[in-house]
Each structure stands twice: as structure tokens, then as C-alpha cells.
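Single-structure report; data block below.
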Amino acid sequence: MNEKFLNPYDPQKTEKINYKLWEESGFFNPDKLPERHQKPFTIIMPPPNANGSLHAGHALFVTLEDLMIRYKRMQGFKTLWVPGADHAGFETQVVYEKKLEKEGRSRFKMDPKELYDEIMQFTLDNKSFMENQVRSLGASCDWSRERFTLEPKIIETVYETFKKLSDDNLLYRGEKLVNWCSKHQTSLSELETDGVDKEDKFYTFQYGPFQIGTTRPETKFGDKYVVMHPDDERYKEYSHGQKIDLEWINGPITATIIKDEAIDMKFGTGAMTITPWHDTADFEIAQRHNLDYEQIIDFYGKLLPIAGPEFEGKNISVAREEIVKKLDEKGLLVKTEESFKHNVKVCYKCNRPIEPQIKAQWFIKTEPLTQKALEAVEKGDIKFVTERHERIFRHWMENIHDWNISRQIIWGIPIPAKICLDCGEGMVDLDDSISKCSKCGGKIEKDKDTFDTWFSSGQWPFATLNFPEGKDFKGFYPTDVMETGHDILFFWVARMIMLGIYCTGEVPFKTIYLHGLVRDAKGKKMSKSVGNVVNPLELSDKYGTDALRMSLLVGNTPGTDMNLSEDKIKAYKKFANKLWNISRFVLDNTKDLNEVDLESEDIKKLINSNSELINLEKTITDITKDLDNFQFHIASEKIYHYIWHEFADKIIEESKEKLDNSETQLILLYILQICLKTLHPFMPFITEEIWKSMPIKNKKLLLIEEWPV
């Protein structure tokens, strides 16, 4: 018996050895694969944030993508899987700010360059740590092509796209409403906000002849328009544009009647005042009717002079009840509903309510880009594995707004532009050559903002392949599969499609596979505060990476959330042990065989004449079809059941009475090698370890053995 099989399988002892073997072989690099590998198959890794440890979602995407790459490599494809790391803009800056807070420091009191350099070192340290974690999960990606979202070549590509958008009149700088976090002092994308259910007081006030309702009386200082639906019979006596005089918070004002179809006649009294500077719906009404608007709350969440000397400078959370009290004393408080349930948008990092603010930002005109993206899906140039997500994609694309790509943070790719201090004109300036405003000739300054991370990462597929003249771009673009979480379909996948087609003229990928969230054993979202986080790396250390990978694959339907528990991982550790024991039995009972040519004509005749192998052939055919159709959850279960229940429970048990027969020995060895090949993309470490001991001729690393057909 081979000595290593005298002991139970020890993943901690063998996994690093086998990964080193694979990496040193050079076969992660498509240029170093054997001659039979000709047709390219490419996946660009969604770059993990280089600001901390990998979580269960990272383990899932690594497992799914590595499965695809190993399967296609064994089929003879020239596989390229490009690894990467994301500087992660706002996400990383928030992580670093927490570190600064613990040290008693604040980013607002630091020199910008000093802060940038500190975050860069922090990110690079974490990047190295994160890459080793990706290795530990078995990722057979080409580390020689590893990319970082802040490396010079990537930044150059991002700048060229910015300039192209400007030249094509698809870029503009304008004042629009944005999601503003008063703690972090930046605008945020929709992805960087959460909607939380909250109970607040709902106030009804007398506004002249009308009653209006609000949860935010602190915004009402600038309200001078009262809006109602043109078909509301209750207000038919009032005409659009009519002026009325009334008493309000700080004295008499003149308000204007506005009729607009956006008003919900069934909500409240059907009449409402608007605060365009601090509400999206109000802003759109103001835009439609060309109304004036004024800022009420500053960028730190405090009331401005418009609130009057009594309230100016007060934080809105403090001023709210004082404003209500004053209106009550004037006899203008009609009623207070103590528990009004509504959904409030908050910063996903600090949970502070978002304060919509009008701010000058850079915007991309999205409509021309979305049209091409929709056409690509319509023609089948891009296919979704899950129809539901294709429908979601279409809906989003058909209802998209212009895209704010500015962020008021230090950490990220600086926007290469100049801003006029007199007229506010924005000018793209890649080479820092503009010295005065092109519109008014006035004084200019460098734009202090950085790009939204989704703008730069939206160019990831072609930027990583050295567009436009790079050898990899010409050989591996468009890529084959984009695999990522369904929660960033709109924020990342859609952006990649839009920018990929716009910049290259081709789709960035042909197939979109979206996985769901990884939840705890009871289906709840994992949270550190709840204490239900399953740490994949700790559990892979405990039970082996292969057990973790199988637990992430079996039962994981594309596009749906999955539950993960330690018990499930433990169960596939038992499967790994079962495979080890099966291999020990087969190898122990075929020890007289050596350098067996399992591809010889004699062996093929023996195999073809053996009825026991009919089910094996059918199983492999089915698994191959499942893998081709991205049904990984079904394929993983089929190979599991064949090895455990067909091979171990039936074939091996029935063979025990005729083990002295050479044909029986050859059949067992043949089935084992087919099982190892088929299982390798799912459980690469243990299969490679067993493969080393297989007594077969012309044996190569299992990593590049041919897929069984």
C-alpha cells in the first residue's frame, strides 16, 4: 500500500504543496499550456476589495469561476482567468477612517497627499494578504497577469474613456440632486445607500387654506410652492400659477399654486409643499415647471441662514421639535401622528440618513449607451443564465438616469479636469495644460474629486487586457463569462456592458452568470453584529478547501441566495474522506499494475464490453451537459452520488469477490481515474493528491489531463 494512504486525508498537509505544484507548472498561464489548448476561454475575476479578509461571497465566486476554468482547461481550451484587486474607493476610505478614529485622528485634519499615501500602503498590504487567501481557495488564475485598479495602465485607460465621452458630447458637469452623506462628506451611488424601515412622527400643518403633511419640518423654511394634481376636484378653484399669502414659520410669505400629475391624490390631503434642494421628487417637479429653489440644510446637516437667526446653525435633528413647537404656538400644527412607518435612505456604512443635496458633479449621458447594451442582449450577443435577471436588466436600462461619476473623497482615481471658479465650467484636462476657462476666460482650479469606483471598474474587462493594442485584448476579448453577485447587476455588470460596447465596439463578455448571496444556516443575512458570520477560510482550514467548495456548489441554484452552515461543510469533509478510502482500496488492490495504458485498444475493448460502465458513461455525459449549461449545482450532486452510491456502494462491493481478476482490477482503476478527472474541477486538491499515486501511463498533472468523454 502507498504509505500516504495509511493515514486519513490531511488537507492542511497537502493543499499548499499542490497549489505550489500547479503554480510552478506554469499552466495557469494560457501561453504555457500544451499544444492541444487552442481556442481561448476567458474570465475576468471580479476584483476583491483590497481592504480586508475574504468573506463567504468571495469564496463562492472563486469556487464557481475556478470550476469553469478547470473544466474548460481540461477540455482543451486556452484558458485565461485574470485575477485582480480593487482599491474600492469609498469602501476602503471608510475602513481606513475607522482605523484613524481608533488612533484619535481624523481625515479632515490630514494633508490630502499624506492621507492618500497612508491608504495606499494599507491597501497594498491588504492586497497581498487577500491574494494569498484567493490562492488558498484553489484559484487557478494567471498571477503573472494580475491587475490592480490603481495601476498606471488602468488609470490611463480610464482617462482615455473620460476624454472620449467628452469628445462625443456624452459627458457634462451640472448641478443635480445627489445622495449626500453628511458624516463622510461625499455623494454616494445608490449601491452605497440602504433603505431602512423607520418609525417617525408625521406632522400635519396648516399652510394657508391647505393642509400639508411631512416627517421633515426642518426642510420647510424654503417652501413657497404648494402642489396638487390638476384633476383633484378638492382644489379645482385654484389655478396653476395662482399666488396666495399665508403665515409660515418665520412670518408672512407668498406661495404659488402648482398643478402637477406626479402628485398622488390618495395620499394625505393631496396637497404638498416642495423642497427641491432636498428631495428627488420635488426636484423633478421644480425642473418641469422651471421653479426657483434654495438650499435649506448645509452639507454637515445644519440649517442655513434661510432658517432665520433662531434656527441658523442648528443640527436638523435638534431643530426639528423646536420648529414644530413654534408652528404649534402659531396655531399651525393640525395634528401629530406618533408612529408613521416609512422607508428611509441611509448611508450603508454609518446608517446616517442621506440628505439629498444639489451639487455640481460630472455626469454621463446614459441613453445612447443603454440603447447599444439593450441591442446586444436582444441580438443574443450577451446571454443571461437566469431569465429573471435579464428582465431586471432590461427594466433598469429602460428607466436609467444620467450617471453621476464624481466622489468627494481622497482615495481613488483623481478626475483629470479643471473647474472655473467664476462660471463653474468643467474642462477635461488629461495633460494639465489648461490655464484659463474655455468659456469665460476666468480663473480655474484643479478638480479635487475622484471617480466613482463603478466608473473605473466598469472598464475592467477591456482595461485588464490592455485595450486597444495589447496582445491579450486581441486574443482574449470579448471574454466568455462574467460571473458575479446578482446584487451588483445594475451597478457593475450593466456599466461594463455600456462602457465595453462604447469603447471597444464589442460586448465585454458573452454570458452572464449571477450568483446569490450566501446566508447563514437559517437563511438570514450574515452580519458581524448578529454574530452569524460564517468565515470560509477558518472552515476551509478546519475541514479542507474541497469540502468548502462542494458545500458552496451543491444545491446552489444560479441567481438565488443559498444557506451555508458548518454542518454542510463537515458533510463534504466526510465525502473527501470517502473518496480517499475508495482510492486506497482501489490502489491497494491494483498494486501489481504499473504504467497501465488506460487509452490502449485492449483496455477500450474491455471497457466497452462491460455493462457496469454504461451508467458511468451516462453520468459523465450528463455532467458535461450540466456544466456546459451552467447547472453546477446539478453536476456537483451527480458526481457526488455516483462516487458514493454507485462506485463505492455497488461496484466496489460487488468486486470484492473477484479482486484477483485482472479485468476487475483494470475496471476499478479505470473508473477511479474517470471519477478523479470529473471531480477535479469541483474538488481540485484531493483529486490531484490521489492522482499522483495512480499507476497509469503518460500521466500528467491532473490540472491539464483531458476531460473524460
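The values are calculated or read from the model by the stated rules, or taken from the named source; none is laboratory data. What you see is a predicted model, and the numbers here were worked out from it, not measured in a lab. Please note: Cβ atoms are built from the backbone with ideal geometry, for glycine as well, and neighbour counts cover all protein chains shown.
Before moving on, here are some points about what is shown:
This table checks each residue for (1) buried (at least 22 other Cβ atoms within 10 Å of the Cβ); (2) not in a strand (DSSP E or B).
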| residue | (1), (2) |
| --- | --- |
| MET482 | yes, no |
| ILE488 | no, yes |
| TRP492 | no, yes |
| GLY500 | yes, yes |
| LEU514 | yes, no |
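- Sole exception among (1) surrounded by fewer than 24 Cβ atoms within 10 Å (Cβ to Cβ); (2) over 17 Å from LEU553 (Cβ atoms); (3) at pLDDT 95 or above for SER53, by number: (3)
- Residues of the range 121-151 that are over 23 Å from the mean Cα position of the chain (by Cα) and of a type outside the set (Gly, Ala, Ser): GLN121 alone.
- The range 542-559 residues that are of a type in the set (A, V, I, L, M, F, W, C), paired with ones that are in a loop (DSSP other than H, G, I, E, B) and crowded, with 24+ Cβ neighbours inside 10 Å (beta carbon under 7 Å, 6 or more apart): MET550/PHE682; MET550/MET683; LEU553/PHE682
- For the residues GLN295, GLN287, the requirement of being surrounded by 15 or more Cβ atoms within 10 Å (Cβ to Cβ) and either assigned by TED's automatic domain parsing to the domain that holds GLY268 or touching an Asp or Glu at 6+ places or on another chain (Cβ under 6 Å) (or both) singles out GLN295.
- Within the range 622-709, helices (runs of 4 or more DSSP H) holding 2 or more residues that are at pLDDT below 95: 662-679
- Residue list for the range 690-701, filter: surrounded by fewer than 24 Cβ atoms within 10 Å (Cβ to Cβ) and not small (Gly, Ala, Ser): TRP691, LYS692, MET694, PRO695, ILE696, LYS697, ASN698, LYS699, LYS700, LEU701
- Subset of the range 359-373 [surrounded by 15 or more Cβ atoms within 10 Å (Cβ to Cβ) and either assigned to a helix (DSSP H, G or I) or aromatic (Phe, Trp, Tyr) (or both)]: TRP362, PHE363, LEU369, THR370, LYS372, ALA373
- Subset of the range 655-703 that is free of Cβ contacts under 8 Å to residues at least 24 places away in the same chain and among the acidic types (Asp, Glu) - its residue that is nearest to LYS605 (Cα to Cα): ASP660
- Enumeration of residues in the range 530-541 that are assigned to a helix (DSSP H, G or I) and either in contact with a Cys (Cβ under 8 Å, 6 or more places away or on another chain) or touching a residue at least 12 places away in the same chain (Cβ under 8 Å) (or both): PRO536, LEU537, LEU539, SER540, ASP541
- Residues of the range 542-568 classified as part of a helix (DSSP H, G or I), under 22 Å from the mean Cα position of the chain (by Cα) and of a type outside the set (D, E, K, R), total: 4
- Test: residue in the range 171-190 that is closer than 17 Å to HIS87 by Cα, out of contact with any strand residue (DSSP E or B) (no Cβ under 7 Å at 6 or more places or on another chain) and at pLDDT below 95: yes
- Looking across the range 606-630, the residues that are under 27 Å from THR511 (Cα atoms) and touching a residue at least 60 places away in the same chain (Cβ under 8 Å) come down to ILE620, THR624, LEU627, PHE630.
- Of the listed requirements (1) of a type outside the set (Asp, Glu); (2) surrounded by fewer than 18 Cβ atoms within 10 Å (Cβ to Cβ); (3) out of contact with any helix residue (DSSP H, G or I) (no Cβ under 9 Å at 6 or more places or on another chain), LYS383 misses just one: (3).
Residue-wise test of (1) modelled with pLDDT under 95; (2) more than 25 Å from ALA56 (Cβ to Cβ).
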{"residue": "GLN93", "(1), (2)": "yes, no"}
{"residue": "ARG107", "(1), (2)": "yes, yes"}
{"residue": "MET110", "(1), (2)": "yes, yes"}
{"residue": "ARG135", "(1), (2)": "no, no"}
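- Screening the range 74-110 for residues that are assigned to a loop (DSSP other than H, G, I, E, B) and more than 21 Å from the chain's Cα centre (by Cα) and picking the one that is surrounded by the most Cβ atoms within 10 Å (Cβ to Cβ) gives PHE77.
- In the condition set (1) closer than 26 Å to VAL178 by Cβ; (2) among the acidic types (Asp, Glu); (3) touching an Asp or Glu at 6+ places or on another chain (Cβ under 8 Å), GLU425 is compliant with all but (3).
- Unmet requirement for PRO252, which otherwise passes all of (1) outside any helix (DSSP H, G or I); (2) touching a residue at least 60 places away in the same chain (Cβ under 8 Å); (3) out of contact with any Phe, Trp or Tyr (no Cβ under 6 Å at 6 or more places or on another chain): (2)
- Criterion violated by SER339 - all others in (1) surrounded by 14 or more Cβ atoms within 10 Å (Cβ to Cβ); (2) out of contact with any His (no Cβ under 8 Å at 6 or more places or on another chain); (3) of a type outside the set (A, V, I, L, M) satisfied: (1)
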